[in-house]
Amino acid sequence: MLTVLFLTIGCDKKSNQVNSDRMKDLEWRSLFNGKDLDGWRIKIAKHELDENFANTFRVEDGLMKVRYDGYTDFDQQYGHIFFDEAFSHYMFKVTYRFVGEQAPGGEGWAYRNSGVMLHGQSPESMTKNQDFPISIEGQLLGGDGENPRTTSNLCTPGTNVVMDGELFTPHCQNSTSKTYHGDQWVTAYFLVLGDSTIHHILEGETVLSYQKPQYGGGNVSNHDPSVKKDGKLISEGYISLQSESHPIDFKTVEIIDLSEFARDPSTLNRAVEELKANHID
């Protein structure tokens, strides 16, 4: 029995050392190379997959830019640029700023409005005329110079979540963030833990949390019904950035993949604490 006990203790020490070493390897991986859109796929409503209508998504000055100088009318041509890899457990980081004037024909609610689509369906599974990917949206909003307007909000195209122990079915929920007026850079973090919990984080503070992302609800049009299995939890998916009629720049687009820690809840918790302590500005 003592021999077994010593072996167990020895294994635990070795396991702890391995986990500690793995924590040291937590590093940001850049998804955007600052040069081109390699590794990304484009889906704009009313257009085929990979058709970058009017050069909506482009790279200039080391930035991923969304522009509408080729549009005469926005005409609900909502666009999304997908990183071509699915993720389940991760921390995502994006630095963005709103610039310029809204495209002609853009809806009033889309003023200084964009989003990070989390746990999204694949771009291949979207139909030509589909407006938004079925996903969990971390909504990005810029201030209008006068009124309070939170960012890192939640919107739910084709999805629902659980909030405060109850199924949350409204389309959007505001965060507790401050308002960011003008063309200032803002860095938003999204901590996504499979089908359990998602946190929206700004300036080191969690501004919104919810659980059990799942298919359901409305606010998505012209989609393939077979993709939307209402009530089914969403444990992984694609990340995309949105084109919703207001020009926006993306500078930093990075991720830390936590999937290797997901099998052990205690190790995953340690990894999350490490991220919060050393990887969030």
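Just so you know, all these numbers are worked out from the coordinates, no wet-lab data involved. Remember, it's a predicted structure, so these values are computed and weren't measured experimentally. For neighbour counting, all protein chains shown are included, and Cβ atoms are generated from backbone atoms with ideal geometry for every residue, glycine included.
Worth pointing out:
- Near the amide H of residue 131, within less than 5 Å, lie the amide hydrogens of 221, all on another chain or at least 5 residues away, with H placed in the peptide plane.
- When only the Cβ of Lys, Arg, Asp and Glu is charged (+1, +1, -1, -1), the dipole of the chain relative to its Cα centre reaches about 580 debye.
- Correct option for volume of the Cα convex hull per residue in Å³ [calculated from the coordinates] among (1) 144; (2) 126; (3) 108: (1)
- Rounded to 10°, Cα long-axis angle of helix 2-24 versus longest principal axis of the chain: 30 degrees
- Among the listed pairs 35/232; 178/228; 128/232; 24/229; 43/212; 43/276, those beyond 31 Å (Cα-Cα): 35/232; 178/228; 24/229; 43/276
- Top of 91, 126, 23 by mean-square fluctuation, Gaussian network on the chain, Cα under 10 Å: 23
- Helix 265-278 axis, angle to the chain major axis (alpha carbon atoms, nearest 10°): 60 degrees
- Two-decimal Rg/Rh across region 184-268, once Rg and the Kirkwood Rh are taken from alpha-carbon atoms: 0.99
- Taking region 27-278 and dividing mean pair separation by its residue count, relative contact order in percent (alpha carbons under 8 Å, at least six apart): 29 percent
- Note that region 208-217 has calculated 3J(HN,Hα) couplings of 6, 9, 7, 10, 6, x, 8, 5, x, x Hz, one per residue in order, obtained from phi through the Karplus relation 6.51 cos²θ - 1.76 cosθ + 1.60 (θ = phi - 60°); glycine and proline are x.
- The smallest convex shape that holds all Cα atoms of region 112-151, its convex hull, gives 69 Å³ per residue.
- Of the peptides 228-239, 75-86, 50-61, the order by per-residue mean of other Cβ atoms within 10 Å, starting with the highest, comes out as 75-86, 228-239, 50-61.
- Calculated diffusion of region 130-272, Stokes-Einstein form, Kirkwood radius summed over Cα pairs, 25 °C and 0.890 mPa s, µm²/s: 150 µm²/s
- If you take all other residues with their beta carbon under 13 Å from the beta carbon of residue 91, and give Lys and Arg +1 and Asp and Glu -1, the sum is -3.
- From phi via Karplus (6.51, -1.76, 1.60), per-residue ³J(HN,Hα) for region 227-238 in Hz, x at Gly/Pro: 7, 9, 8, 3, x, 7, 5, 10, 9, 7, x, 9
- Table column - 3J(HN,Hα) (Hz), region 101-113, Karplus curve with 6.51, -1.76, 1.60, x for Gly and Pro: 10, 5, 5, x, x, x, 5, x, 5, 8, 4, 6, 10
- Ranking of 24, 93, 251 by neighbouring Cβ atoms within 10 Å, starting from the fewest: 24, 251, 93.
- With the helix formula -39500 (n - 2.57) applied to DSSP H stretches of n ≥ 4, the chain reaches a computed 222 nm mean residue ellipticity of -4500 deg cm²/dmol.
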